[in-house]
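Everything below concerns the one structure shown next.
The values are calculated or read from the model by the stated rules, or taken from the named source; none is laboratory data. This is a predicted model, so every value here is computed, not measured. FYI the Cβ positions are ideal-geometry reconstructions off the backbone, even for glycines, and counts take in every protein chain you see. Please note that ligands, DNA and RNA were not included when accessible areas were found on the heavy atoms of the full protein model with its side chains. Shrake-Rupley method; radii C 1.70, N 1.55, O 1.52, S 1.80 Å.
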Amino acid sequence: MATETSLRGRSSVVSLAAVCAATLLLSGCNGGGVTSSMTGGASSSGSSSGSSTSSSSSGSSTSSSSGGSTSSGSSSGSTSSSSSSSSGGGTVTATPYVLFSSNYQAYASQTAGAYVYNTQGGNVYAGAGGSFAYGGYSSPQTDMDRTQLYIFQVQAGAAPNTAGDYAYIAIKPPGSSTSGVFNPVDISQSAYLLVQMGNSYTASQNNNQPGGAVTVFTVDLNNDTSAAGNGSQQTAECTYDQTLTAVGSNIAATALGVLNYKIPLSAFTCKTGSMATLQMTGVVNVVVKFTGDKNPSAASGEFDTIAIGYIGFTL
């Protein structure tokens, strides 16, 4: 089961254009590595030279895709409010508008197992396993600057038809890459997850090599604060299956291969704990992944990508 993260010198196999990032308010500071509960298996890290580590994926979410909404434009959040006392002092209030991840950067060398991080200071990990393996492209810095997206491409070997055939991008909380502190992000006032994501693979732009059959992404939220990232301190993990509105880039629906999805937190199905617990304790890890069992049209030899832009929470 191989993983590859941030192989930055490789030429792009997807056509990319400029993207408008969302305006949201950063809140919270946390961290950690890729957890086994996120992907259903061992923790993983990337390799700029094509080396690999292992991980596995779970496909246990049972909620339908009808709870989320999409749009082709960028989403934005409002700023948080604060109240001041009559004596001139200030009281900071919790905000429902949280920017968890955006604007991706490449490390000069592997750092805490990661080769990519975001402007908020959270490490980004990518991997694949089972029938899926690294497929020749992971966004170099030039493409991340140009698009504000991070894209990880995989290729299927044998027909990927089980939960053990997977690919993922896992995003750690703001501030954790430098602090090493695993404090959760407060989403107690939020009602929706905002995520810009998609499968950007387009066969016609890649010598008509087959691909793009993955149409269901699973979003995983959990609160595991363990340093080992093994789920030992996790009290809540909730997932949601989102059917993508469109697949491919430079098409009528999307220029970049991503769309904006607004998913109600109430639509998530929890494998451990509850969404109420997750909102009370906060989010540590956000994972965007896909598995073979939820994408029955995926075939042997095909290419697919996970492309992510901003991730945030809102009312």
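Taken across the range 103-119, residues that are touching a Gly at 6+ places or on another chain (Cβ under 7 Å), of a type in the set (S, T, N, Q) and at pLDDT 95 or above do not occur at all.
Just name the residue that is farthest from the chain's Cα centre (by Cα) out of those in the range 89-140 that are of a type in the set (V, I, T) and closer than 20 Å to Y201 by Cβ.
Residues of the range 89-140 that are of a type in the set (V, I, T), as a first pass: 91-93, 95, 98, 111, 116, 119, 124.
In the following step, the residues that additionally are closer than 20 Å to Y201 by Cβ were identified as 116, 124.
Details: V116: 12, V124: 8 Å.
Here the residue is V116.
Please go through the range 103-121 and give me each residue that is among the hydroxyl-bearing types (S, T, Y) and open to solvent by 10 Å² or more (accessible area, probe 1.4 Å), ordered by number. Listed by number, the residues that qualify are Y107, S109, T111, Y115, Y117, T119. Of everything in the range 283-306 that is open to solvent by 10 Å² or more (accessible area, probe 1.4 Å) and outside any loop (DSSP other than H, G, I, E, B), the residue that is farthest from G164 (Cα to Cα) is F303. Can you name the residue in the range 202-222 that is under 17 Å from the mean Cα position of the chain (by Cα) and not hydrophobic (A, V, I, L, M, F, W, C) and is also farthest from T291 (Cα to Cα) among such residues? Here the residue is N222.
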